[in-house]
Amino acid sequence: MTHTFFYLGQRNIARLRSLSQQQKASQPPCCLGYPEDSHHLRPYTMGFALSVLYFLTYYLTPPTLFGPLAVFRVELVLAILVFFVSLPRLVGSTIFKTAQSAALIGLAFAVVFSVMIGMHWAGGAVPAFLGFIPNAFAYFLVCLHCNTKKKLQILVVMLLSVCLFVIANGCLTFLRGVPEAPRHNMNSLEVVPLPREALMIPYLCAVRSDAGDLLYRLRGLGLINDPNDLGQLLVCTIPLVFIFWKPKKIPRNFVFVLLPVCALLFGTYLTHSRGALLALVAMAVVAARRRIGTLPALGIAVGLFVAAMALHFTGGRDISAGSGADRTELWSSGLQLLKSSPVFGVGMGSMPDFTDSHHTAHNSMVVCAAELGMFGLFFWALFLFSTVRDALVLASPKRVTESEQALDEAEERFPFAKTAIVPIDAAEFNRLGRLMLFSLTGFLVTGWFLSRAFVMTLFLLGGMVEIVYEMALQRGMIVPRMRLARTLPYAGGLAFILVLIMYITLRVLNLTH
């Protein structure tokens, strides 16, 4: 009997060793960070926690999170700390082989060159670089630390928490009461100024509607202190919340998905952002066309748009070419600046100095082209093309296949299964890819009316797309990323097409006036 147990014990040990070797062999030698759920992750949980705190600090501002400690430049200390914590993650990582990393490095050089060459100001290169890096740093932090689905969900919770925090504070401000102001007569030359106290309310922005009425629009803090910026973040977060959706779990979906989405839609309404409304319509078209076809999806989108306008979604502000005449004039000024400095632009953040109204172009592509030239626009297009391309591949059922490396249920019972790659089927990757695609759609549509080419939200979304792609790649369920040499011509073509689209748009609008 003793010999029998000894024999069975030796056989089980041999089987465990064999399984461990197979699992190690099945894992890629390196990835963006480390293979998900591996023993390598345990010492680096701090890096992920610091990354989330870093994102929260930039969205909600240091005074909101740290109070009086903000005077000690907590955001700078946090950035330095998370940088050094992230350095060990670069060992064995392939993050710098992604096209997005090359694009961000190129954008950093474009920012420096735009100031040194475009503005002829060598001393301003460092401040411009330091203004760009905190936002671009988000991509690397997501790729290095957010390498599991659970961590991806935590990142979505962080974005949702930021949005709900701003919405709650804005609603509380409304409930406490807001100052009133006399109506401005649009037919009179006399200008009725807004009351000073109305302009100083936190989380609310006082403006005049097209009819001359006082309108309060919800806004955030820091990176989202403008109602349109907050609207962009809200519409980008709405599809991401569906990462918590579970089939046939009605009570759970109602609490963790539908209620938060309703709150985000209400917050978007309170921003009265016209760009956010168009983004919601575009997201509805992209989401519905796969199930019901393009024409029915367009019909639903038109119905949603009419209903939103009937509910005064934009706060009485019209959506038309005439109402956006000042914006199109700024677009035209941006193209003229690109024509005058086609290579390196007129300098990062300096476009308002070249316009009569001292405003920027309110278009992400135009601002990037005018301030960084075609050199910077090329790298911005490279980041955009690579991210959207990977999201489209993930969302395609034909491009994602079931893995032949998946572990069966018997193998998962062994202790060594804790170091294995967590099973995720192809349908789940398709769902995640579609959610990322919807979120990118919202960002790009709102970005067409905002000067937000280098905001943290874009780089967060880019990192999230690459993490999902990397998870599928580790399992052998998707084709490898497009090589950088192949993406470069596409990025150049996209940059040219974006400028051409804007030129044609302006020509058409000028003909209709």
>> Can you give me the long-range amide H partners of ASN225? Hydrogens built in the peptide plane at 1.01 Å from N, cutoff under 5 Å, separation of 5 or more residues or another chain.
In response: GLY220
> Residue by residue through the range 442-447, which ³J(HN,Hα) values in whole Hz follow from phi under the Karplus form 6.51 cos²θ - 1.76 cosθ + 1.60 (θ = phi - 60°), with glycine and proline marked x?
Replying inline: x, 5, 5, 5, 5, x
> Between ASN253 and VAL91, what is the label-to-label distance in nm when each label sits 7 Å out along the Cα-to-Cβ direction?
Replying inline: 4.5 nm
>> Skipping prolines and chain starts, which residues have an amide H placed within reach, meaning under 5 Å, of the one on SER451, given they are 5 or more residues away or on another chain?
In response: HIS362, ASN363
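Would you mind calculating the relative contact order of the range 286-367 from Cα pairs under 8 angstrom and at least 6 residues apart, reporting the percent as a whole number?
Numbers: 39 pairs, mean separation 18.0, N = 82.
The normalised contact order for the range 286-367 reaches 22 percent.
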> Got a sec to turn the phi values of the range 293-305 into Karplus ³J(HN,Hα) couplings, 6.51 cos²θ - 1.76 cosθ + 1.60 with θ = phi - 60°, whole Hz, x for Gly and Pro?
Replying inline: x, 5, 5, x, 5, 5, x, 5, 4, 4, x, 5, 5
> Which whole-Hz couplings ³J(HN,Hα) result when phi for each residue of the range 340-347 is put into the Karplus expression 6.51 cos²θ - 1.76 cosθ + 1.60, θ = phi - 60°, listed in order with x for Gly and Pro?
Replying inline: 6, 9, x, 8, 10, x, 9, x
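Kindly flag which residue pairs out of LYS248/LYS398; LYS150/LYS398; LYS149/LYS398; LYS97/LYS339; LYS150/LYS246 have an alpha-carbon separation exceeding 24 Å in this structure. Don't skip to the end; give the middle numbers.
Details: LYS248/LYS398 26 Å; LYS150/LYS398 26 Å; LYS149/LYS398 22 Å; LYS97/LYS339 33 Å; LYS150/LYS246 14 Å.
Going by Cα-Cα distance, LYS248/LYS398; LYS150/LYS398; LYS97/LYS339 fall outside the 24 Å limit.
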>> Taking the Cα of ASP213, stepping 7 Å toward and past its beta carbon, and measuring to each backbone N in the range 301-316: which are under 16 Å?
In response: 308-316
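Classify the range 57-120 from the C-alpha gyration tensor, please: rounded if a/c falls under 1.5, else prolate or oblate depending on whether a/b exceeds b/c.
Numbers: a/c = 2.81, a/b = 1.29, b/c = 2.18.
Oblate, since a/c reaches 1.5 and b/c is not below a/b.
Evaluate E = 1/(1 + (r/R0)^6) for SER396 and ARG327, where r is the Cβ-Cβ distance and R0 equals 41 Å; express this FRET efficiency to the nearest 0.05.
Details: r = 35 Å, r/R0 = 0.86.
About 0.70, to the nearest 0.05.
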>> Can you list residues from other chains, or at least 5 along the same chain, whose modelled amide H is less than 5 Å from the amide H of GLY349?
In response: none
> If contacts are Cα pairs under 8 angstrom and at least 6 residues apart, what is the relative contact order of the range 54-186 in percent?
Replying inline: 21 percent
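Each value in this text was obtained by applying a stated rule to the coordinates, not by laboratory testing. Just so it is clear, the structure is predicted and the values come from calculations on it, not from any experiment. Note: ideal-geometry Cβ built from the backbone for every residue, glycine included; neighbour counts use all protein chains shown.
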